[in-house]
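**Student:** I have a structure I would like to understand better, so I am pasting it below and will then ask my questions one at a time.
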Amino acid sequence: MTFETVNEIKAYLLDNKIENVKLAVVDIDGVLRGKYVSSNKFLSALDKGLGFCNVIFGWDSNDDLYAEESFTGWKSGYDDAWANIDISSCRLLPTEDYKSVLFLADFSQHEAGKVCPRSVLKRVLTRLNGLGYKATTALEFEFFLFNETPKTVREKNFSNLEPMTPGNFGYSVLRNSTHADYYHDILDLAKDMGMPIEGLHTETGPGVLEAALEHSDALRAADNGVLFKTFTKVWAQQHELMAGFMAKWSPKYPGQSGHIHISLQDKNGETVFYDENKPNTMSDEMRWFIGGQQQLMPEFLAMVASTCNSYTRLIPGFWAPTTASWGVDNRTCALRAIPGSAKSQRVEYRVAAADINSHLAIAAAIGSGIWGIENKIEPTTPIKGNAYDVKMDGEYQLPRTLTQAAEKFRASEAAKDLFGKAFVDHYAYTRIWEDEEQRKAITDWQLQRYFEII
């Protein structure tokens, strides 16, 4: 559902007797934060915006306040940041029985826009538009389903959890037939919310599914990412299940990916990446785009691998890259150039996991490609065969921890140019904070290894 004018929205709310509207914004971790507002309050906010407490950019995913008050804090009194509603973001909410609708807002017209993830992506897309291009993007998410609830996982201390289905059974017709009602529920949910799924199937691991969302313009694709993750969780919990999008929940199984597919078009909608006279039909722009992505991937990794858990996935042999490698139709590489027709040729950014903040990950993937085109960056020779067997220069090695990635990001001049120094400083700090919080934990592994022996 899309609206072109405020009058169309007013008519829809009136005709459907909708008294309350759900508003949401995207926080630093890619989590939706929001509230219901009355239809009168909503209509007023369409014209002038509304205030959201800026604490949403001052706390982590556990609602713990950041110690460093780089953007907001006690010294500012946690005042309001002014949010503006994007009328094109409207979605129906089939998970609710009240003809409910949701709108997204962001802070692009306020000081908070310097750190707001949706605003960061919009700035990157404005720069892309200035070059005469627009981006088409699609996301794939692997996620797992458990026969658990938020209460039971805590009672079990997140151990001995029961997956919805047992064993490894990728692309299983048996599983998707036995649980056909669940599959159709997810397909219908995504369709009704304006983010249709192209493909849905089981992946390797107990209870693991993969959903490939249809391509759209880059901002809507990012919105689709956060909405799909949130409302798949909502649907699951309404069915006494839990859906999870961690990068890796168990050392026994491969991690859960969140791959990003990107192509560029010119202002007339014609492909930018396809050139039938070039090797692998890759245009100069596509080659430079990949070159920029490859060169900046180590510097921008914190925007893509944004949790401590992300780095447990980036190890050899588990279908996730360990270097900023690229190849043509090569799934062992971080960047997979996918040749095809003028309509389908694209690049797949494979370093991303299901735990991504989709707005920031897409901003990083497109922003680095923009930088590559602007500077005509040539990529390395494409890798054929197993990328894990290829030794790459140090500049293409990926950081091994979130702190390493954050420090590299904070020092990146390209990041400051593309995303703004205020965002780089604030975001790098939040990632270092996240890693420091992890270090406070005494893990089961440490107890089992050291409690008796050391």
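**Student:** Residue 86 to residue 204: extension gain in nm, 0.36 nm per residue of separation minus the Cα-Cα distance?
**Tutor:** 38.7 nm
**Student:** Using DSSP to define loop residues, name the GluC sites (Glu not before Pro) in the stretch 403-454 whose beta-carbon has at most 11 other beta-carbon atoms within 10 Å. The partial results should precede the final answer.
**Tutor:** Working: sites: 407, 413, 434, 436, 437, 452; in loops: 452.
Counting only loop positions with at most 11 other Cβ atoms within 10 Å, the GluC sites (Glu not before Pro) in the stretch 403-454 are 452.
**Student:** Now, a different point. Sorting check: for 387-397, 126-136, 193-203, which peptide has the highest mean count of neighbouring beta carbons within 10 Å, and how do the rest follow?
**Tutor:** On the way: 387-397: 13.2, 126-136: 15.5, 193-203: 17.5.
Highest to lowest by the protection proxy: 193-203, 126-136, 387-397.
**Student:** Restricting attention to the stretch 1-92, which GluC sites (Glu not before Pro) occupy a DSSP loop and are surrounded by at most 15 other Cβ atoms within 10 Å? Could you put the intermediate results ahead of the total?
**Tutor:** Numbers: sites: 4, 8, 19, 68, 69; in loops: 4, 19, 68, 69.
Within the stretch 1-92, the qualifying GluC sites (Glu not before Pro) (loop, at most 15 other Cβ atoms within 10 Å) are 4, 19, 68, 69.
**Student:** Only Cα pairs under 8 Å and at least 6 apart count here; give the relative contact order of the chain as a rounded whole percent.
**Tutor:** Values: 887 pairs, mean separation 67.0, N = 454.
Relative contact order, the chain: 15 percent.
**Student:** Which shape class, rounded, prolate or oblate, goes with the stretch 232-273 when its Cα gyration tensor gives a ≥ b ≥ c as root eigenvalues, a/c under 1.5 marks rounded, and past that a/b bigger than b/c marks prolate?
**Tutor:** The shape class here is oblate.
**Student:** Run through every distinct alpha carbon pair of the stretch 217-356 and return the Kirkwood hydrodynamic radius in angstroms, one decimal place.
**Tutor:** On the way: mean 1/r = 0.0609 Å⁻¹.
Result for the stretch 217-356 stands at 16.4 Å.
**Student:** Can you list the residues of the stretch 237-262 with backbone N under 20 Å from a point 7 Å past the Cα of residue 188, pointing along Cα to Cβ?
**Tutor:** Residues 237-243 fall inside that zone.
**Student:** So, one more: Once the piece of chain linking residue 238 and residue 35 is laid out straight, how much longer is it, given 0.36 nm per residue of separation minus the C-alpha distance between them? The partial results should precede the final answer.
**Tutor:** Numbers: separation 203, 0.36 × 203 = 73.08 nm, distance 1.92 nm.
Between residue 238 and residue 35, full extension yields an extra 71.2 nm.
**Student:** Could you pull out the trypsin sites (Lys or Arg not before Pro) across the stretch 1-52 that fall in loop regions by DSSP (anything but H, G, I, E, B) with no more than 10 other Cβ atoms inside 10 Å? Show your work: numbers first, answer last.
**Tutor:** Working: sites: 10, 17, 22, 33, 35, 41, 48; in loops: 17.
Those that pass, being in a loop and sparsely packed, are 17.
**Student:** Using only Cα atoms, locate the centre of the stretch 88-147 and the centre of the stretch 262-305, then give the distance between them in Å, rounded to an integer.
**Tutor:** If we compute the Cα centre of each part, the gap is 22 Å.
**Student:** Quick check: from the Cα gyration tensor, does the stretch 1-150 come out rounded (a/c under 1.5), prolate or oblate? Walk me through the intermediate numbers first.
**Tutor:** Numbers: a/c = 1.26, a/b = 1.21, b/c = 1.04.
Here the stretch 1-150 falls in the rounded category.
**Student:** Which shape class applies to the stretch 353-454: rounded if a/c is under 1.5, otherwise prolate when a/b exceeds b/c and oblate if not, where a ≥ b ≥ c are the square roots of the Cα gyration tensor eigenvalues? Before the final figure, lay out each step's value.
**Tutor:** Numbers: a/c = 2.66, a/b = 1.45, b/c = 1.84.
Note, shape of the stretch 353-454 comes out oblate.
**Student:** Let me ask another. Quote the charge dipole size of the stretch 55-119 about the Cα centre in Debye, to the nearest 20; the model charges only the Cβ of Lys and Arg (+1) and of Asp and Glu (-1). List each step's numbers first, then the result.
**Tutor:** Numbers: 5 positive and 12 negative charges, 63 e Å.
Dipole size: approximately 300 debye.
**Student:** In nm, give the distance between the simple-model label positions of residue 343 and residue 319, each being 7 Å from the Cα along the Cα-to-Cβ direction.
**Tutor:** 2.8
**Student:** Express in whole angstrom the spacing between the alpha-carbon centres of the stretch 394-428 and the stretch 313-349.
**Tutor:** If you average the Cα positions of each part, the centres end up 22 Å apart.
**Student:** Now for a separate question. Share of the stretch 253-359's accessible area from carbon and sulfur, percent, 1.4 Å? Don't jump to the answer; show the numbers that get you there.
**Tutor:** Working: 1570 of 3300 Å².
That fraction is 48 percent.
**Student:** Mind grabbing the base-10 log of I(q)/I(0) for the stretch 70-177 at q = 0.10, 0.16, 0.20 Å⁻¹? Debye formula, identical points on the C-alpha positions, no solvent, two decimal places.
**Tutor:** Once normalised to I(0) and log-transformed, intensities are -0.64, -1.06, -1.08.
**Student:** Roughly how many debye, to the nearest 20, is the charge dipole of the stretch 160-298 about its Cα centre, given +1 on each Lys and Arg Cβ, -1 on each Asp and Glu Cβ, and no other charges? Write out the running numbers ahead of the final one.
**Tutor:** Values: 10 positive and 18 negative charges, 107 e Å.
Value, rounded to 20: 520 debye.
**Student:** Taking θ = phi - 60°, what integer Hz values does the Karplus form 6.51 cos²θ - 1.76 cosθ + 1.60 yield along the stretch 386-400, in sequence order, with x for Gly and Pro?
**Tutor:** Per residue, the Karplus-derived 3J(HN,Hα) values read 7, 5, 5, 8, 9, 8, 10, 4, x, 5, 9, 6, 8, x, 9 Hz.
**Student:** What value in Å³ per residue do you get for the convex hull of the alpha-carbon atoms in the stretch 260-314?
**Tutor:** Here the figure is 112 Å³ per residue.
**Student:** Another question, then. Among the listed pairs 10/99; 278/376; 156/440, which have their C-alpha atoms separated by more than 19 angstrom in this model? Walk me through the numbers before you get to the answer.
**Tutor:** Numbers: 10/99 14 Å; 278/376 16 Å; 156/440 21 Å.
Table pairs above 19 Å Cα-Cα are 156/440.
**Student:** Still on this model: Write down the accessible area per residue of the chain in Å², having rolled a 1.4 Å probe over the full set of protein chains.
**Tutor:** Values: 20310 Å² over 454 residues.
Ligands and nucleic acids excluded, the result is 45 Å² per residue.
**Student:** Moving on to the next point. When the dipole is taken about the Cα centre of the chain, and only Lys, Arg (+1) and Asp, Glu (-1) are charged at their Cβ, what size is it in debye, to the nearest 20? Walk me through the intermediate numbers first.
**Tutor:** On the way: 47 positive and 60 negative charges, 59 e Å.
For the chain, the charge dipole is close to 280 debye.
**Student:** Turning to a different aspect of this structure: When all alpha-carbon pairs of the chain are counted, what percent fall beyond 41 Å? Could the numbers behind the result be given before it?
**Tutor:** On the way: 15396 of 102831 pairs.
Roughly 15 percent, once rounded to a whole number.
**Student:** Can I ask one more? Mind checking the full-extension length gain between residue 109 and residue 278? Use 0.36 nm per residue of separation minus the Cα-Cα distance, one decimal, nm. Walk me through the numbers on the way to the answer.
**Tutor:** Working: separation 169, 0.36 × 169 = 60.84 nm, distance 4.24 nm.
That works out to 56.6 nm of additional length.
The values are calculated or read from the model by the stated rules, or taken from the named source; none is laboratory data. Given the structure is predicted, the values throughout are model-derived calculations rather than measurements. Every residue, glycine as well, gets a Cβ built from its backbone with ideal geometry; the counts of neighbours run over all protein chains shown. SASA here: full protein model, heavy atoms, side chains in, ligands and nucleic acids out. Shrake-Rupley method; radii C 1.70, N 1.55, O 1.52, S 1.80 Å.
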